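Heads up, the thing below is written out as structure tokens.
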Amino acid sequence: MKLLSTNTCIAPKDLTTITRHKDEVAPELGGMTQQQIDKIWHSVEALYRTGNHPMISMCLRRKGQILINRSIGYTELGPNYQTDPSKVATPDTPVCMFSASKIVNAMLVHLLDQQGKINLFDPVSRYIPEFGVNGKRRATIFHLLSHRGGIPKIETEVTPELLFDRQGILEHLYAAKPIAPVGSQLSYHAVTAGYILGELVERVTGQDIRDYLHEHIEKPMNLPFFNYGLKPELRHLVAKNYPTGIHPVLGTDLYLNRVLGGGLQLAVDVTNDPRFMDTVCPAGNIYTSAEQANRFFEMLLNGGRYQDQQIINSETVFRATLPTSNTTIDRNLLAPMRYALGPMLGSNPIGIFGPNTGQAFGHLGFSNILCWADPQRDISVSFLNTGKSVLGTHLAALAKVLYQISNQCPSIPKEKRRALFGTDQSETERV
């Protein structure tokens, strides 16, 4: 990677040549106009023209209808970020969700609570005795879900080999000492809590976590691939990730080492490695398409219901999406954040999902992946991409995409909103 360049690819003059659509319905069926849809998509095209994302895929549902399901760009680049016309992506292209996987992992834990197999206020050590040492005995499942478990990063050199060794990481985390008293500090657990919560699922159910996810979500929702890693027969379709953007070693890498325990190139190389697609990283390696990810968030928006099946109880979704605190500076991300028990939450007047998104819940993924649902607008959105740009020429354009989604998808009057989570609307306020 060229450290003194913007590390971007060149977009063709006519973006329609690398844009693909699938299964979209007329905007009017979702209570919108073609002009509103065009304004949102034109902002996505403007983001693509910055060259920071070799591939972007997006799915937007409103009132349960697919209004946008499109991809733009390439699954793979040639040397020096050169584009390859034979590698055009489609809306079905698998993409790594990175940390947007966390909300899926969290909902599996909430399913265990719903089934009466755990209590969220139990200490983790009740189910994983090895974890309850060196000051972690009082760490609860609640603490890990809300990023207050005291173990925000792996305190050893993070190498690809370690990240491919799930048991090795667990042993490091069992022996870890909290950086602060458990429950006292909000500090984003980028990968650590995911491994412990994934192990919790397996110990309580006696099932491989992939099988548990398949049984309770992937199969009943008819998701062809929505799981940890990616099957070998699908890997030729996957969109590769690229370290794009400006790359100051004392900026980007310093920050990522703080959050992830490794730099930009490491994060990209790991996720393109077939060994990462073989393993389970509960906090960060679900591979899926934008529409399938969106289907999951639409299910949550619909109170846990998909078509004629209740995938998750509405009360469980309601509890999972309740705020655990007001907006607070996250000690790891060094940014104002608002969390529920697994999901990240939007805010008013501005939040991570755009302006006036105080009711929205979802999750970010490294580095510009965003997946969320917004009851106020009756929308679910998945925005996946393959340019791992932290600092770059894309930031203003990305903000414009979020603005256009919030601005063009009008709020639903309270009296006309869907009865979400099995409650009246006053109970679903998250502001």
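The values are calculated or read from the model by the stated rules, or taken from the named source; none is laboratory data. Predicted, not measured: the structure shown is a model, and the values here were computed from it. No Cβ is skipped: glycine too gets one built from the backbone with ideal geometry, and neighbour counts run over all protein chains shown.
Kindly list, by first and then second residue, each pair from a residue in segment 219-236 that is touching a residue at least 12 places away in the same chain (Cβ under 8 Å) and farther than 18 Å from VAL280 by Cβ to a residue that is of a type in the set (Val, Ile, Thr) and not in a helix (DSSP H, G or I), limited to pairs with Cβ atoms under 8 Å and residues at least 6 apart or on different chains.
PRO220/ILE311; MET221/ILE311
With GLY135, GLY150 as the choices, which residue is touching a Pro at 6+ places or on another chain (Cβ under 6 Å), more than 21 Å from SER325 (Cβ to Cβ) and outside the structural domain of ASP273 (by TED's automatic domain parsing)?
GLY135
Criterion first (in the same structural domain as SER289 (by TED's automatic domain parsing) and assigned to a strand (DSSP E or B)) does ILE56 satisfy it?
Considered against the rule, which asks whether it is in the same structural domain as SER289 (by TED's automatic domain parsing) and assigned to a strand (DSSP E or B), ILE56 comes out as yes.
How many residues are in a loop (DSSP other than H, G, I, E, B) and either farther than 29 Å from VAL88 by Cβ or hydrophobic (A, V, I, L, M, F, W, C) (or both) when one looks only at segment 350-403?
Number of matching residues: 13.
When you look at ILE68, is it farther than 25 Å from ILE246 by Cβ and touching an Asp or Glu at 6+ places or on another chain (Cβ under 8 Å), yes or no?
Yes: the conditions hold for ILE68.
If only one of ASN7, ASN105 is part of a loop (DSSP other than H, G, I, E, B), surrounded by 14 or more Cβ atoms within 10 Å (Cβ to Cβ) and either among the acidic types (Asp, Glu) or in contact with a Gly (Cβ under 7 Å, 6 or more places away or on another chain) (or both), which one is it?
Among ASN7, ASN105, only ASN7 is part of a loop (DSSP other than H, G, I, E, B), surrounded by 14 or more Cβ atoms within 10 Å (Cβ to Cβ) and either among the acidic types (Asp, Glu) or in contact with a Gly (Cβ under 7 Å, 6 or more places away or on another chain) (or both).
Sort out which residues of segment 264-301 are in a loop (DSSP other than H, G, I, E, B) and either in contact with a Ser or Thr (Cβ under 9 Å, 6 or more places away or on another chain) or on the phi > 0 side of the Ramachandran plot (or both), and write them in order of number.
If the condition is that a residue be in a loop (DSSP other than H, G, I, E, B) and either in contact with a Ser or Thr (Cβ under 9 Å, 6 or more places away or on another chain) or on the phi > 0 side of the Ramachandran plot (or both), then CYS281, PRO282, ALA283, GLY284, ASN285, SER289 are the ones that fit.
Could you list all residues from segment 10-37 that are of a type in the set (D, E, K, R) and touching a helix residue (DSSP H, G or I) at 6+ places or on another chain (Cβ under 9 Å)?
Hits for segment 10-37 are LYS22, ASP23, GLU24, GLU28.
Being buried (at least 22 other Cβ atoms within 10 Å of the Cβ), closer than 29 Å to PRO27 by Cα and not polar (S, T, N, Q) is the requirement here; does PHE366 meet it?
So PHE366 does not fit the description; no.
Looking only at segment 153-164, decide whether some residue is within 17 Å of GLU199 (Cβ to Cβ), in the same structural domain as THR205 (by TED's automatic domain parsing) and either in contact with a Lys or Arg (Cβ under 6 Å, 6 or more places away or on another chain) or at pLDDT 95 or above (or both).
Yes, segment 153-164 contains at least one residue that is within 17 Å of GLU199 (Cβ to Cβ), in the same structural domain as THR205 (by TED's automatic domain parsing) and either in contact with a Lys or Arg (Cβ under 6 Å, 6 or more places away or on another chain) or at pLDDT 95 or above (or both).
Scan segment 22-53 residue by residue and report those that are over 16 Å from ARG295 (Cβ atoms) and assigned to a loop (DSSP other than H, G, I, E, B).
ALA26, GLY31, MET32, THR33, THR50, GLY51, ASN52, HIS53
Restricting the search to segment 393-407, which residues are in contact with a Phe, Trp or Tyr (Cβ under 8 Å, 6 or more places away or on another chain) and of a type outside the set (Val, Ile, Thr)?
Within segment 393-407, LEU402, SER406 meet the criteria.
Kindly evaluate SER71 against the criterion of being among the polar types (S, T, N, Q), in contact with a helix residue (DSSP H, G or I) (Cβ under 8 Å, 6 or more places away or on another chain), modelled with pLDDT of 95 or more and in a helix (DSSP H, G or I).
Spelling it out, it is not the case that SER71 is among the polar types (S, T, N, Q), in contact with a helix residue (DSSP H, G or I) (Cβ under 8 Å, 6 or more places away or on another chain), modelled with pLDDT of 95 or more and in a helix (DSSP H, G or I).
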